[in-house]
Amino acid sequence: MPVYIARKLAFFLLAVLAASIAIFLLIRGAGGNVAAVILGKDATAEAINALAQQYGLDRPLFVQYFDWIGNLLQGDLGRSFRTNEPVTDLVVSRLSISIPLCVSGLILGLVIAIPAGTYSALNSDKPLGAVIALLSQVGIAVPVFWAGILLSLLFGVRLGWLPTGGWTNWDVSFWGAVRSLVLPVISLGLILGASLTRYVRSAVLDVMNQDYVRTARATGMTRMQALLQVGLRNAALPIATVVGLQIAELIGGTVIIETVFSLPGLSRMILANVAAREVIVVQSTVMLIIIFVMFINLIVDLLYGVLDPRVRLAR
Amino acid sequence: MTLAPTATPAKPKRRRRRRNLTLTIGIVITVAFIAMAMASFFYLPHNPNLPRIPDRLLPAGSPGYLLGTDALGRDIFSQLMVGARTSLMVGAGGALISLVIGTIAGLSAAAFGRMADETISRGADIMLSIPGMVTALVLAATIGSGALTTILALSAFFTPSFTRVIRSAALSVMQEDFITAARLYDRPTWFILLRHVLPNVAGVMIVQFTLYFAAGILTEAGLSYLGVGVTRPSISWGMMLNEAQQQVGISSPLAMWPGLAIVIVVLGLNLLGDGLRDVLDPKLARRA
Amino acid sequence: MTQTILKSFRLGLTMLTATAAIMAAVPGVALAASPRAEEGKMILVARQDPGTLDYTKSNLTALRLWIPANVVEPLVYFNKDGSVAPGVAEAWEISEDKLTYTFTIREAKFSNGEALTVEDVIYSLNAMKASPVSQNSSAYQAVTAIEKVDNRTVKVTLDRPSQNFWKGMGSTAGLIQPEAAAETIATNPIGTGPYKLVNYTSNSSFEFTANENYWGEAPAIKDVTVRIITDGTAGLNALEAGEVDSLPVITIDLWEQLMARGLDKNFSMVTYPQIGEPTYAVINQKLDPELRQALAMTIDRQAYNDAFGASWGAENTCTFALPNQAWYSPESAETCPYPYDIEGVMALVAEKGYAATPLEYASLSDVPDLSLPADIMVPTMQAAGFNMTRNAIDLARYSQLIFQGRPPQFDVTVMSGDADPTQWACADEASAGWSTYCSAEYTQALADADEALTDEDYLALMQKSADILRKDAVIVPIIAKKGVGLFDPDLKGFVEPRVAVALEFAPLHW
C-alpha cells in the first residue's frame, strides 16, 4: 500500500513538472509580447524592446522558466505586467464568478439529466422516452453561443425579465449577482443537461444489465426499485468521479458562455491574457488549473486503490 | 412500468428497429452532407467569396440566390456548400489526427507495461487539463488562424480522449484468451497489437471518430465566435453564424441557415455514431 | 415507432426555429425612463477592455476614452471653438517668440486628498517626455527644459516653436498625475478631474464616482459605470433592454444593425468626428511605386461604404483626415490621385506581369470592422489578377510581425486610427517600419508645420504633409467614419471630446 501511494505521488509530481514545461513552452511559442500590446500599433521597435527589457522578457527562456517556477514553488504566482496586480488576487476574484457558475450549471445539468436519462433508459420503447433521447441529441448539436445569444435575446431584450449580460459583483448587490448568473447558468445547465442525459441513459442501461440488478429483480423488485436500491449505489463512485472532473474542466472551459454574457470569469481572464501575451498570468493560472485537475485524479486513483485492492495489485 | 422480469419478445425487435432507424437517419444525413461538400468542388452557383455589394442582404428565394445573400452580397447557398467542405475537412481532419495519435498512444499504454501506461495516461491528463481555448488561441497566434490551425487545435483537444478510450478498450482485449495464446507462441508485441488487438478495437475507433467528428464541427463554431476559427477565403458554418451575429444579429435569417446546417449535420453524425456503436459493439452500446 | 421518431425529430427542429421566430414576434419591453435617473447614476458601454490604465505607456483608445478629462486632467483644455480653457493650469503665458511657456498651477487637491504641487506637474511632464508612446513624447521634441519657478509656477523652454507641444498640453501629453501615486497608475490612476476611479475590473467594468476634492463645480451625475461588452450586438441588446443608458462609441460594423432595429429612433443618436476614424490601406513602401498605385486603384470606396450599409455615418475620402480637420476633403476627381478602375488595373497587371509577384495581405482577425475590408479587398485584388494571399493574425502577433524587420512582412493591410498625419513622421531612417513613412519631402513638410507660428500656417503645412502621404500611395485612405453614439433620450448634455478622444461625463445630466 505505501508503495502504491508513493508511486502515485511520484507520478503526480513528475506530471506537474512536465505540465509546467509544456505550458511554458506553449505560451512562449505564441510570439508577440506584452510590451507591443501595451504600446499599441504606432509604437516604435525601440520602445517595445525597452519595455520588454524592463519586464525581463529579453532574458534567455530557461532563466525565465526557472525564475517563474522558483517563485511558484514559494507560493508566489507572479504579477500582471500591465497592472502589477498579483495573479493570486486576479484568480480569487474571478473564481467568485466561475465557481458559482460552474457548480450551479452542473447541478442544473444533473437535475435535468438524471431523471431524463433514467426515464428514457427505462422507457426507451415509449414515445416520451424516445422524445427525451432525441431532444438530448438535438441539444448536443446546437452551438453554445447560438443558444446563449437566443436566450439572452428572449429573456433579456424581449421579455425583460433578466439582464442580457454583464456582472454585478457580490459585494455590490447579492441579488444582482444572482440575477446576472441566472441566464448563464441556464445556458450552461441546458448544454450539460443534454450531454449528461446521454451519459446517464447509457450508464443506467449498463447497470440494468448487471447481474446484481438482475438478481434484485428476480426477488420481485420493479426495475425502478432495483435501480434505486442496488444500481445507484454501485454507479455512484464513477458518476462522482465524472462530476468532479467535469467541474475542473468547466472552470477553464466556459469561455464562450462568459463571452456571450460578458461575465469576467476565470476562463475569459485566461483568454484575454493570452491575447495580451501576459505570459506570467497565463502560465500561473493554467498551472493552478492543471494542478487542481491532477490532484483530483490522484485522489480518485488513491480512493480506488483503497476501495478496490484489485486495482492496486493489477499488472 | 411492467413487472415482467424478462423482456417480452417484442422488445428487442422494436429496439433493433429503432436502432436501425437511428442508423438510417444518421447515414442519410451524413451522406447528404458529404455529397454537398463534394459537389462544391464541381459546381457552385456563385463565387462564395466575391462581394457583390449591390446584391447585399437579399432574402431567400431571390432570383439567382436560392437562400439569399449576406451583408457583402455573397451567395449564402454557395457559402453553405463550401462550408460543408470546410466542416468536413476540419471535423474529420481533427478527429482523424486524434484517432491516429490516440490509437498509437492508447495501444502503447495498454501493451508496453506500467511505465508506459502511467506516462501516457498522465500525459493525457495534462493535455485534458490545459483549457482547450488556450491551446487554440496560442496556435492561432503562432501560425495564424485558419482551417489548419483549427484542425491542429481540435487534435489537441481530442487526442487525450481518444487515447483514454482506446487504451481501456485495448486493455480489455489484452485480457482475452487468444492474446494469451499469441503470447505463448512468442509473437512480438507489435505483431499482437496489429494482428489481434487493433481489429478488435476498430469498432470503438470508428464510433469514437464519428462522435468527435461531430464535436469538431461544434467546437469550430465556438472558436469562430472567439475570433480564432476558420478565416476567409476558407468558409465554415461556424464562421457564417458568427458573421451573421456580428453584422445583423443572430436572430436574423442570415444566422438561421448555417445554424440549422450545423445542428442537422452534428445530429446526423451523432446518430450515425450511436447507430454504429449498436451494430459494431453490442456490449459497448450500453456503456458510455 | 418510426413515426414517433420522425415526429420528435421534426419537433426538435421546429422548436429551434420557433425560438428564433418568438424573437421577432414577442414585442420588446416598452422603453421606460431609466431607473438610474432618480439615483443620480448612469451606465455606459465600452466595446474594448484596455487591460492597463497606464496612459503614460499605453495609447489604446479603450483607455483614452475614459480616463483623461474625467479622472486625470491636462494643463489646459482646447474648446471646440478654438478657445483655450484652464485645466490643471489656471493661467499661462506664451512668449512672443513661442519659445517659453509659463504655467500657473491651480491651488487644488488630487482625488486622493493630496495637494497638487509644482513638483507633480514637473514629474508628470517629464514622464510624458520619456513616454514610450510616440504620440506623447513627440510633443516634447522641441522642449529643452521644464523648470520650477516658484511654488505655483512652471516654465517650459523650447529650442524652436512647436505646435505639437502646445497641442499636447491640452491632450494626453499634458495629463498631470501625482508623483506619489505613480506606482498604482495601471489600475488606479489619480488626477484632479471631476471624477475618481473607484474600481476597474478588466473585461468587466469601470466604476467612477464624483471626486469630492474637485476644484470645479460638482458634476450632475454622481456615479458612473462603464460596462465592457465585447460582443457589439450584445451591447445593443443591453441598451434595448434598458440595462444601460448609452453606447457612446459605436463602431461602423454595428451601424446597419442599430438602424434596422430602430434604435436611432428610441434613443438620441449623436454623431461627432473626434472619435471617428479614417479607414486606410497601408501599402508596403518597399514595393515599386507603380505597383503601389495599381493596388490603390483596386480600392472601390463606394463599395466599402455600401458594405457597411451605413452611408449616413461614413464618407468616401482620399484624404488622410476626418471631416473636422481643415485638410479633409471628400472623394473627388481632384483629390483622388488613384481612383478605382478595375479594368485599368487588369490591363496594368497583364502588361507589367504583376501576377508573378506574390503579395501578402495581413488582416487583423480579432477586430471585426477591420476584417470586413479584407473580405472585400482580397477577392477584388485577386480578381484584378494580383497574386494575393491573406494572412489573418491577432493583434499581438500583428504588432510583432510589423516589427520583425524591414521591409515589413506584409504588402497590404487595412487599419483605422487617429487621423493625424504626424504619426507617420520618420524620426530615424534606420528604424522605419510600416507606421513611419520616410520620404525627405514628407519629413520636411511635417517639420515646417510644427514650427508654424500661426494657426493658418500650421493648417496649410499639415495639408501639404497629408497630400504627400496620399500621392505616394503608401497610406491610401478609404472612408472617414464619424463617431456615433446612442444615448437614453433623457440623458442630455453630451459635448464633443476636448482631450483627444476622451468622453466627458461631467456635462451629462438627466
Here the residues within region C:449-487 that are in a helix (DSSP H, G or I), in contact (Cβ under 8 Å) with a residue 12 or more places away in the chain and among the aliphatic types (A, V, I, L, M) are C:A449, C:L459, C:L461, C:M462, C:A466, C:I468, C:L469
> What do you reckon, is C:T192 in contact with a Phe, Trp or Tyr (Cβ under 8 Å, 6 or more places away or on another chain), part of a loop (DSSP other than H, G, I, E, B), under 19 Å from C:V499 (Cβ atoms) and among the hydroxyl-bearing types (S, T, Y)?
Replying inline: yes
Look at B:L80 and say whether it is assigned to a loop (DSSP other than H, G, I, E, B) and hydrophobic (A, V, I, L, M, F, W, C). no
Among residues of region B:252-288 being facing another protein chain (nearest Cβ under 10 Å) and under 16 Å from A:A121 (Cβ atoms), the residue modelled with the lowest pLDDT is B:A288
Selection from region C:199-230 of residues small (G, A, S) and either more than 21 Å from the chain's Cα centre (by Cα) or not in a strand (DSSP E or B) (or both) yields C:S202, C:S204, C:A210, C:G216, C:A218, C:A220
(Q) When you scan region C:393-401, do you find a residue that is at pLDDT below 85, in a strand (DSSP E or B), within 14 Å of chain A (Cβ to nearest Cβ) and touching a Pro at 6+ places or on another chain (Cβ under 8 Å), even just one? (A) no
Within region A:124-133, of all residues that are within 8 Å of another protein chain (Cβ to nearest Cβ) and more than 18 Å from A:L196 (Cβ to Cβ), the one surrounded by the most Cβ atoms within 10 Å (Cβ to Cβ) is A:A130
request  = Go through the residues of region A:278-292 one by one and say whether even a single one is at pLDDT 85 or above and of a type in the set (D, E, K, R).
outcome  = yes
Selection from region B:23-72 of residues touching a residue at least 60 places away in the same chain (Cβ under 8 Å) and assigned to a loop (DSSP other than H, G, I, E, B) yields B:P48, B:N49, B:L57, B:P59, B:A60, B:L67, B:G68, B:D70, B:A71
Of the residues in region B:14-31 that are touching a Gly at 6+ places or on another chain (Cβ under 8 Å) and not β-branched (V, I, T), the one that is modelled with the highest pLDDT is B:G26
Kindly establish whether B:S40 is more than 14 Å from chain C (Cβ to nearest Cβ), in contact with a strand residue (DSSP E or B) (Cβ under 9 Å, 6 or more places away or on another chain) and either among the polar types (S, T, N, Q) or closer than 17 Å to B:V263 by Cβ (or both). no
Requiring at least 3 residues that are touching a residue at least 40 places away in the same chain (Cβ under 8 Å) and under 22 Å from C:N213 (Cβ atoms), the helices (runs of 4 or more DSSP H) wholly within region C:96-189 are C:118-129
The residue from A:D76, A:D67, A:D89 that alone is in a loop (DSSP other than H, G, I, E, B) and either away from every other protein chain (no Cβ under 11 Å) or of a type outside the set (K, R) (or both) is A:D76
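The values are calculated or read from the model by the stated rules, or taken from the named source; none is laboratory data. Just so you know, these numbers come straight off a predicted model, no measurement behind them. Heads up, the Cβs are rebuilt from the backbone with ideal geometry, glycines too, and the neighbour counts pull from every protein chain shown.
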